Amino acid sequence: MSATTWSGQVPAALEEVDLRVDLAGMRLKNPVMTASGCAAAGRELDSFFDVTDIGAVVTKSVMLDPRSGNPTPRMAETPSGMLNSIGLQGPGIDSFLATDLPWLVSRKARAVVSIAGSSLGEYAELARRVGNSPGVSAVEVNISCPNVHNRGLVFACDPYQAAKVMAAVRRDVPRDVPVFAKLSADVTDLVTVAESVMAAGATGLAMINTLLGLSIDPVTLRPVLGGVTGGLSGPAIRPVALRCVWQVHQAMPDVPIIGIGGIRTGLDALEFMLAGASAVQVGTIIFHDPSAPIRIVTELRAELAARGFTSPSQVVGLAHTPTADSLAATDLEGLRSP
Amino acid sequence: MSATTWSGQVPAALEEVDLRVDLAGMRLKNPVMTASGCAAAGRELDSFFDVTDIGAVVTKSVMLDPRSGNPTPRMAETPSGMLNSIGLQGPGIDSFLATDLPWLVSRKARAVVSIAGSSLGEYAELARRVGNSPGVSAVEVNISCPNVHNRGLVFACDPYQAAKVMAAVRRDVPRDVPVFAKLSADVTDLVTVAESVMAAGATGLAMINTLLGLSIDPVTLRPVLGGVTGGLSGPAIRPVALRCVWQVHQAMPDVPIIGIGGIRTGLDALEFMLAGASAVQVGTIIFHDPSAPIRIVTELRAELAARGFTSPSQVVGLAHTPTADSLAATDLEGLRSP
Amino acid sequence: MTTSAGPLQQRAEVLSLKRVGAYHHLTLVAPGVAERFRPGQFAALAVGGPESALLLRRSFSIYRVRDSGTYGGTVEIIFAVTGKGTAWLADLVPHDVVDVVAPLGRPFALPKEAVSCALVAGGYGSAPMFALSGRLLDRGCAVHMVLGASTESRLFGALEARRSAQSVIVTTEDGSVGIKGRVTDVLPEVLERTGSAVVYACGPMGMLAAVAQVAETHGAWSQCAVEEAMACGVGVCMTCVLPVIGEDGRTRMVRSCVEGPVFRGDRVRWSDVGTVPEGTLGAPSGGWPQ
Amino acid sequence: MTTSAGPLQQRAEVLSLKRVGAYHHLTLVAPGVAERFRPGQFAALAVGGPESALLLRRSFSIYRVRDSGTYGGTVEIIFAVTGKGTAWLADLVPHDVVDVVAPLGRPFALPKEAVSCALVAGGYGSAPMFALSGRLLDRGCAVHMVLGASTESRLFGALEARRSAQSVIVTTEDGSVGIKGRVTDVLPEVLERTGSAVVYACGPMGMLAAVAQVAETHGAWSQCAVEEAMACGVGVCMTCVLPVIGEDGRTRMVRSCVEGPVFRGDRVRWSDVGTVPEGTLGAPSGGWPQ
Ligand SMILES: Cc1cc2nc3c(=O)[nH]c(=O)nc-3n(C[C@H](O)[C@H](O)[C@H](O)COP(=O)(O)OP(=O)(O)OC[C@H]3O[C@@H](n4cnc5c(N)ncnc54)[C@H](O)[C@@H]3O)c2cc1C
Ligand SMILES: Cc1cc2nc3c(=O)[nH]c(=O)nc-3n(C[C@H](O)[C@H](O)[C@H](O)COP(=O)(O)OP(=O)(O)OC[C@H]3O[C@@H](n4cnc5c(N)ncnc54)[C@H](O)[C@@H]3O)c2cc1C
Ligand SMILES: Cc1cc2nc3c(=O)[nH]c(=O)nc-3n(C[C@H](O)[C@H](O)[C@H](O)COP(=O)(O)O)c2cc1C
Ligand SMILES: Cc1cc2nc3c(=O)[nH]c(=O)nc-3n(C[C@H](O)[C@H](O)[C@H](O)COP(=O)(O)O)c2cc1C
Ligand code: FES
Ligand code: FES
């Protein structure tokens, strides 16, 4: 058992660490993926690292029709984070399936396709189109984008609406393709939303999406973003994202979780896995460091090895076990960063 | 009208700026206060600046009985922020009224007393005791502390419970003492909570409290904080806090709002006022810079003057008016920081 | 797969940082960039140091590259201090290290024939023009420069321009040096005098719009390097878009980091920048905001 | 009201930064600190530079102060690199500026009579001991030092100790220098030999607990400087607490930044640090965590 390995405290050799993971039936080279909207469809990042060397590429949420997105400015830098209001600009599903997906498939990259709809019907239609396309490893359902110019509650904020989306999508995606619901932290009771989408047929959860935020321009004295409010991402939100993963894993220890939010280093990725994530996604930090995903793979391997772990599966949820607690921290001083 | 002043764009002289504000009937020297829990009861900060030179000192939330708080570690640094799980350590209301409050009164500082209870009865009792103490300028009701070891929903997360607290407090505080409800951003629908506490008799709103977060220790592999989860504060959360002020001011433009969350500079304070706050509180940044509150007063004066404003009241909510938008940003390049 | 033509990411040592009027001239040791570089491309620098709260890279036109020499390959930029990131850059000292990604973006398109060209720049917008004029001269083109700024200290490269061009006109808005006025005040005359077939421009959005207009009136092609706020600089985030008319006549919100920063002046819907004009691919009906 | 006895906040210039074994010795120009300083107090330094994502100050025992001289007043600290903030400090160069608040906290209490004192330190915990020994010697006390560390490079000030004390014993856990073992292995013998009435200690929590125990056994007072994680360092945040028994016999969670860092060893509930022991003022019944 992992806790034993850990308390043994014999660092493993880097080669001993086998980073492969089984995520809800998906076999991945390693648990590090790109986050939706932060890697387009993988192609641009391929000049910084080999996109087949990471766990998966999660593509920018695609909608049924082409979409122009919001007016600019679409970004504002904030302390250790940024706001964005892209407004889901994209080519629409036809162009995506004709161009973007085939490129990923031809590169033999793992493709997780993120879909976003503005009605149940759209989600169902997208699920059908994507689910039946060869080369799709999994579907991620973006029910939580706060940027879209739809002043109603977003699906993710209502357990009932969220479940209806998931049920509609699940119905139209082949059984062997996992479906992940991507949750928003901007809710009073995340666990209820999580339970409700799982009950509706989700294979697992991806969390979190951006937090709703705002920034004001000191010159115009108006909101910076063309879309007024925007989504906050980056290291600033990491503690909130970790808390969400912790809470949901605590409530539903068997549900596969993909941890997302401000991951910058392999140590950050490890923290998410300890809190209960089986895999992670790297988002905003790609803008700071376009080779971050592959760097994080390397760093995660080193962090695991230093602690005597040989597989990511050994650490998933470990922070919830009191066993780890009983270790005398003094023996481990060497592990303190840097 | 303020927008005219602004579009005139004649910078004002520093002496022309009159920082006094009327906050729900409270006359303050300036709109800058300390945030509850970040300034104790003012005494320690008095060696860094004269506490009578800021708008008000908001005291650490006091409970009925003395309270030990949570075990240590009680803090974790996070990117541009920190987590705390103090657990409302405090001396209890008797000692507070016998020692802390009289010191503030004797210094002639403006005292806003923050109260926290674990039941309606406790809130009512605290309201009675505090409301009848001479020298209390206002009462702030902390209904949103996520640290307390009470696994139920906190009051602030339920519009109905929040309103009941406010009604109980309002009943027992003299009419001429304003009562502010301090809200949490960890809710699906902040405006509903805000409306509900206002309907229950609050004079105004203070927002936001910390966001619920978590951090994991890379050595013990367990949550860092003795209280497991903690409250996230500091510049990291500023965009979320600004969004909350914006949303609530948009929905209820006449409600006095105190803006709180990651304020570091006079420009940050100005942003909150533009979004709709009539005053601001300075919290975590005090730990970085114990003289921050007075520095922010000075900086706010300069920011107002540079934009041709002579009173804080001219900017409250200004970012919501399309007027400011029509200004040609190019004429104002000189105002871009630094 | 990493291609040898793509951008490089590296931790580059500061070789020198000098003041030039109101600007700073930064030289970084960045081997490999020169070999890939074409004029009009930019570099994206991480700012704020290892514990920085500033997450996003800052983009700057590449002024000059050298492919070897005493210090290995170098890349040079010219920048103005306008905020926190550039303030941090201005405090660098030799041997400090900056993470840089370069070269990025589409360069200026070069004419196939040896035609006459007008290079028009505002402020630090002249930075990319010298490398460009070098390539144009190599191809036998005639180069005519028009450099403008609000005031003398914000003019960059006026001396260097004399070595790089057949003719140079300088304008300042306050008349502190050269002709009092804007580049577009003198551009029509330049185009007529030189018969330039192509106008290259770099500077503020308003200037680019006006230059594109003048070029069009005079039947010249224009190539404009725009400056839109960029979160990633490498094409993955969609923050840096502006409305551009495609070959098919359709307006699209196009990424200025990878499909620009250089655009054909007649393709950009200058007066609609900051909006999503009606009829744009995927726009809500009526455009956005209304 | 700003009092002349209180701490000062100032932007202090780096005068020098030197390596000393595994540690760094930082000297800052900070006029006014020396006049206020008493041994055992600490300084809180802002870290990471102007765009820092590191919000909290780092605390360090004050090693030495000078009230004037060529550079105006200075304050000196000795630190180990253990994380991001100290790594940043270790990269400072002369003329860099650091925001510092000092002096903070309660100093070591000095004996009224000229008694014999034992000063016990682990690792960089010896930093505050030299200023202390100076004051004790001034009062006619005899000073005996015991300095311990895991290994030689982590021993600070062994040479200086010889000039500052009547006797010095060094211990290292690996035996690389001095006696192989821990300070508490030799302390009983030192107390017996010197008849010390007071034991002063600074070092890791475990060492302090053990030293306080030895002192008590030998009927000596102990004064222990603790090191708890501090968010504010000035008494306003309540992060730095530990369970301490008051005059009234009641345990309270007490702030180590303003009511410490120096505590009477017999007052601190060493084995309960990190918990809220049952019976603590305001504790839930059964203590916390259970
Ligand atoms: C392709 C391109 C080429 C450029 N070339 C040059 C050059 O050669 N010399 C030069 O001085 N400047 C150039 N700029 C502008 C330069 O990127 C900004 O001045 C710089 O990013 C400001 O950063 P800051 O931290 O000082 O300002 P802040 O206001 O603190 O920046 C906050 C955020 O806004 C962005 N931002 C602010 N101003 C601009 C701007 N004008 N354009 C784009 N993003 C901005 C920043 O990148 C950052 O993400 C160029 C921009 C682009 C996109
Ligand atoms: C009163 C006092 C005196 C001290 N004297 C010295 C000294 O003379 N020399 C010295 O090398 N160190 C001393 N320390 C410890 C020093 O403060 C920490 O080593 C330092 O804060 C670590 O910062 P970091 O950024 O490198 O580590 P990080 O792990 O990145 O710090 C993260 C956070 O944890 C806090 N933290 C981490 N380790 C400690 C620790 N051991 N004690 C308290 N807070 C910690 C930091 O302050 C910061 O807020 C003292 C601490 C206190 C409270
Ligand atoms: C510019 C940008 C665009 C994004 N677009 C999407 C999107 O299309 N679909 C989605 O599910 N999430 C989107 N996100 C959210 C990210 O996938 C991720 O959940 C969030 O940014 C938090 O992770 P991070 O802090 O690592 O970026 C976007 C984020 C950013 C910054
Ligand atoms: C250490 C600490 C203790 C706090 N204690 C309280 C408290 O007792 N009552 C309360 O209403 N808010 C408390 N807060 C929240 C702050 O008042 C403030 O709402 C929050 O920190 C956001 O502002 P900031 O980012 O400026 O700190 C505390 C915050 C911190 C960091
Ligand atoms: S800056 Fe990210 S796509 Fe252009
Ligand atoms: S560190 Fe804030 S009270 Fe001690």
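The values are calculated or read from the model by the stated rules, or taken from the named source; none is laboratory data. Nothing here was measured: the structure is a model prediction, and the numbers come from that model. Here Cβ is always computed from backbone atoms with ideal geometry, including for glycine, and neighbour counts include all displayed protein chains.
Taking every residue in the range D:124-148 that is closer than 21 Å to D:Pro204 by Cβ and within 16 Å of ligand 2 (Cβ to nearest atom) and pairing it with any residue that is assigned to a helix (DSSP H, G or I) and among the aliphatic types (A, V, I, L, M), at least 6 positions away or on another chain, the pairs with Cβ-Cβ distances below 7 Å are D:Leu147/D:Ala158; D:Leu147/D:Ala161; D:Gly148/D:Val183.
Can you name every residue in the range A:254-269 that is away from ligand 2 (no atom under 16 Å from the Cβ) and either of a type in the set (A, V, I, L, M, F, W, C) or facing another protein chain (nearest Cβ under 10 Å) (or both)? So that I can check it myself, show each step before the final result.
Pass one, the range A:254-269, residues away from ligand 2 (no atom under 16 Å from the Cβ): A:254-263, A:266, A:269.
Across the range A:254-269, the qualifying residues are A:Val255, A:Ile257, A:Ile258, A:Ile260, A:Gly262, A:Ile263, A:Ala269.
Filtered by the rule that a residue be surrounded by fewer than 24 Cβ atoms within 10 Å (Cβ to Cβ), among the hydrophobic types (A, V, I, L, M, F, W, C) and within 16 Å of ligand 3 (Cβ to nearest atom), the range C:200-237 gives a lone residue, C:Ala229.
Quick check on the range B:203-229: of everything there that is more than 7 Å from chain A (Cβ to nearest Cβ) and within 16 Å of ligand 2 (Cβ to nearest atom), which residue is farthest from B:Ser184 (Cα to Cα)?
Of the range B:203-229, the ones more than 7 Å from chain A (Cβ to nearest Cβ) are B:203-210, B:217, B:224-228.
Keeping just the survivors that are within 16 Å of ligand 2 (Cβ to nearest atom) gives B:217, B:224-226.
Values: B:Asp217: 26, B:Val224: 23, B:Leu225: 20, B:Gly226: 22 Å.
Here the residue is B:Asp217.
Can you tell me which residue within the range A:153-167, out of those that are aliphatic (A, V, I, L, M) and either within 20 Å of the chain's Cα centre (by Cα) or farther than 30 Å from B:Gln247 by Cβ (or both), is farthest from the other protein chains (Cβ to nearest Cβ)? Applying the filter and picking the extreme gives A:Ala167. Considered as a group, the residues in the range D:236-253 that are under 25 Å from the mean Cα position of the chain (by Cα), within 26 Å of D:Tyr200 (Cβ to Cβ) and more than 13 Å from ligand 2 (Cβ to nearest atom) include one that is nearest to the other protein chains (Cβ to nearest Cβ), and that residue is D:Met253. Here C:Ser256, C:Ser222, C:Ser271, C:Ser285 are screened, and the one residue that is more than 7 Å from chain A (Cβ to nearest Cβ) and in contact with a Leu (Cβ under 8 Å, 6 or more places away or on another chain) is C:Ser256.
Residues that are within 15 Å of A:Gly81 (Cα to Cα), crowded, with 24+ Cβ neighbours inside 10 Å and either more than 16 Å from ligand 4 (Cβ to nearest atom) or in contact (Cβ under 8 Å) with a residue 40 or more places away in the chain (or both) within the range A:239-277 comprise A:Val240, A:Ala241, A:Ile260, A:Gly261, A:Gly262, A:Ile263, listed in sequence order.
For the range C:170-186, name all the residues that are among the aliphatic types (A, V, I, L, M) and within 19 Å of the chain's Cα centre (by Cα). Matches in the range C:170-186: C:Val170, C:Val183. Among the residues of the range A:165-198, the ones that are more than 22 Å from A:Pro253 (Cα to Cα) and in contact with a helix residue (DSSP H, G or I) (Cβ under 6 Å, 6 or more places away or on another chain) come to 6 in all. Residues in the range B:105-113: is at least one over 19 Å from B:Val173 (Cβ atoms), more than 14 Å from chain A (Cβ to nearest Cβ) and of a type in the set (Lys, Arg)? Within the range B:105-113, one or more residues are over 19 Å from B:Val173 (Cβ atoms), more than 14 Å from chain A (Cβ to nearest Cβ) and of a type in the set (Lys, Arg).
If you filter the range B:1-24 down to residues that are out of contact with any Lys or Arg (no Cβ under 9 Å at 6 or more places or on another chain), modelled with pLDDT under 95 and not in a helix (DSSP H, G or I), you find that the one that is nearest to A:Arg222 (Cα to Cα) is B:Met1.
When the residues of the range D:9-23 are filtered to those that are in contact with a Leu (Cβ under 6 Å, 6 or more places away or on another chain) and not small (Gly, Ala, Ser), the one that is nearest to the other protein chains (Cβ to nearest Cβ) is D:Val14. In the range A:171-187, of all residues being of a type in the set (D, E, K, R) and under 14 Å from A:Ser133 (Cα atoms), the one that is nearest to the other protein chains (Cβ to nearest Cβ) corresponds to A:Asp172.
Quick check on my filter: what residues within the range B:27-47 are part of a loop (DSSP other than H, G, I, E, B) and over 17 Å from B:Lys108 (Cβ atoms)? Talk me through it step by step, then tell me what you get.
In the first step, residues of the range B:27-47 are kept if they are part of a loop (DSSP other than H, G, I, E, B); the result is B:29-31, B:35-43.
Selection gives B:Pro31, B:Ala35, B:Ser36, B:Gly37, B:Cys38, B:Ala40.
The residues listed here are D:Thr184, D:Thr217, D:Thr151; of these, the one that is of a type outside the set (Asp, Glu) and under 23 Å from D:Pro261 (Cβ atoms) is D:Thr184.
Search the range C:192-219 for residues being farther than 25 Å from C:Tyr63 by Cα and in contact (Cβ under 8 Å) with a residue 60 or more places away in the chain, and hand back the single one that is nearest to ligand 2 (Cβ to nearest atom). I'd like the intermediate steps shown before the answer.
In the first step, residues of the range C:192-219 are kept if they are farther than 25 Å from C:Tyr63 by Cα; the result is C:192-195, C:213-214, C:216-219.
Filter again for in contact (Cβ under 8 Å) with a residue 60 or more places away in the chain, leaving C:194-195.
Details: C:Thr194: 61, C:Gly195: 65 Å.
That would be C:Thr194.
The residues listed here are D:Val93, D:Val81; of these, the one that is near ligand 2 (Cβ under 8 Å from one of its atoms), in contact (Cβ under 8 Å) with a residue 24 or more places away in the chain, surrounded by fewer than 21 Cβ atoms within 10 Å (Cβ to Cβ) and hydrophobic (A, V, I, L, M, F, W, C) is D:Val81.
Just one of the numbered conditions (1) crowded, with 24+ Cβ neighbours inside 10 Å; (2) more than 7 Å from every other protein chain (Cβ to nearest Cβ); (3) more than 21 Å from the chain's Cα centre (by Cα) is not true of B:Gly90; which one? Going through (1) crowded, with 24+ Cβ neighbours inside 10 Å; (2) more than 7 Å from every other protein chain (Cβ to nearest Cβ); (3) more than 21 Å from the chain's Cα centre (by Cα) one by one, B:Gly90 breaks only (3).
I need the full set of residues from the range C:212-249 which are hydrophobic (A, V, I, L, M, F, W, C) and under 17 Å from C:Gly40 (Cα atoms), in order please.
Pass one, the range C:212-249, residues hydrophobic (A, V, I, L, M, F, W, C): C:212, C:214-215, C:220-221, C:224-226, C:229-232, C:234, C:236-238, C:240-242, C:244-245.
If the condition is that a residue be hydrophobic (A, V, I, L, M, F, W, C) and under 17 Å from C:Gly40 (Cα atoms), then C:Ala212, C:Trp221, C:Cys224, C:Ala225, C:Val226, C:Ala229, C:Met230, C:Val234, C:Cys240 are the ones that fit.
Taking the range D:47-83 as the range and being more than 8 Å from every other protein chain (Cβ to nearest Cβ) and outside any strand (DSSP E or B) as the test, the residues that pass are D:Asp67, D:Ser68, D:Gly69, D:Thr70, D:Tyr71, D:Gly72, D:Gly73, D:Ala80.
Applying the set (1) outside any strand (DSSP E or B); (2) more than 24 Å from B:Thr72 (Cβ to Cβ) to D:Thr171 leaves exactly one unmet item: (1).
Taken together, B:Thr210, B:Thr229 contain a single residue that is among the polar types (S, T, N, Q) and surrounded by fewer than 24 Cβ atoms within 10 Å (Cβ to Cβ), which is B:Thr229.
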